[in-house]
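Read the structure below first, then the notes.
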Amino acid sequence: MDITLSQCFIAVDDHDKALAFYRDVLGLEVRNDVGFEGMRWVTVGSPSQPDVEIVLEPPLADPNASDADRQAVAELLAKGMLRGVIFRTDDCDATFERIRAAGGEVLQEPMDQPYGVRDCAFRDPAGNMLRFNQPRGR
């Protein structure tokens with residue numbers, strides 16, 4: 001049995017701001033940007049990983065969610081409390097400089113971690129934490 005990752009989801013509160021960051025700053029390609037039942041389905045991905053997509057979705061995109069649930073998730077997103085993703089890069093320092101120069105909110109400057117990577121961290125426009133790591137020795 002062969003199981004591979006197809007899609008992962010990142011909550012965003014503004015698709016246009018998210019696209020400006022993920023497409024224009026990180027260099028991911030837009031795979032889909034379509035309207036569906038009053039919502040917007042946006043996926044991005046790395047050109048080097050054509051089978052993996054990141055879905056940029058509104059917080060709590062469940063039509064059965066209550067207004068209270070939507071508000072609670074929106075508050076968690078605004079605080080940066082929802083999970084983001086970890087990207088691999090071949091040059092952590094150059095990636096850091098590129099994102100910082102584009103106005104990315106720095107959470108951690110590049111540093112060597114005891115678990116074998118050099119990494120840095122930013123917040124995306126919605127508040128999600130994104131880490132960028134480079135295996136040490138590369």
Of all residues making up the stretch 75-100, the number that are closer than 29 Å to residue 35 by Cβ, in contact (Cβ under 8 Å) with a residue 40 or more places away in the chain and not in a loop (DSSP other than H, G, I, E, B): 4
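Name every residue in the stretch 101-133 that is over 17 Å from the mean Cα position of the chain (by Cα) and either part of a strand (DSSP E or B) or surrounded by 20 or more Cβ atoms within 10 Å (Cβ to Cβ) (or both), in order of residue number. Quick ask: steps written out before the conclusion?
Of the stretch 101-133, the ones over 17 Å from the mean Cα position of the chain (by Cα) are 101, 109-118.
Answer for the stretch 101-133, where residues must be over 17 Å from the mean Cα position of the chain (by Cα) and either part of a strand (DSSP E or B) or surrounded by 20 or more Cβ atoms within 10 Å (Cβ to Cβ) (or both): 109, 110, 111, 112, 117, 118.
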Qualifying residues in the stretch 81-94 (those that are in contact with a strand residue (DSSP E or B) (Cβ under 6 Å, 6 or more places away or on another chain) and at pLDDT below 80) - the one surrounded by the most Cβ atoms within 10 Å (Cβ to Cβ): 84
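The values are calculated or read from the model by the stated rules, or taken from the named source; none is laboratory data. All figures in this text were calculated on a predicted structure; none of them were measured in a lab. Note that each Cβ is placed from the backbone with ideal geometry, even for glycine, and that neighbours are counted across all protein chains shown.
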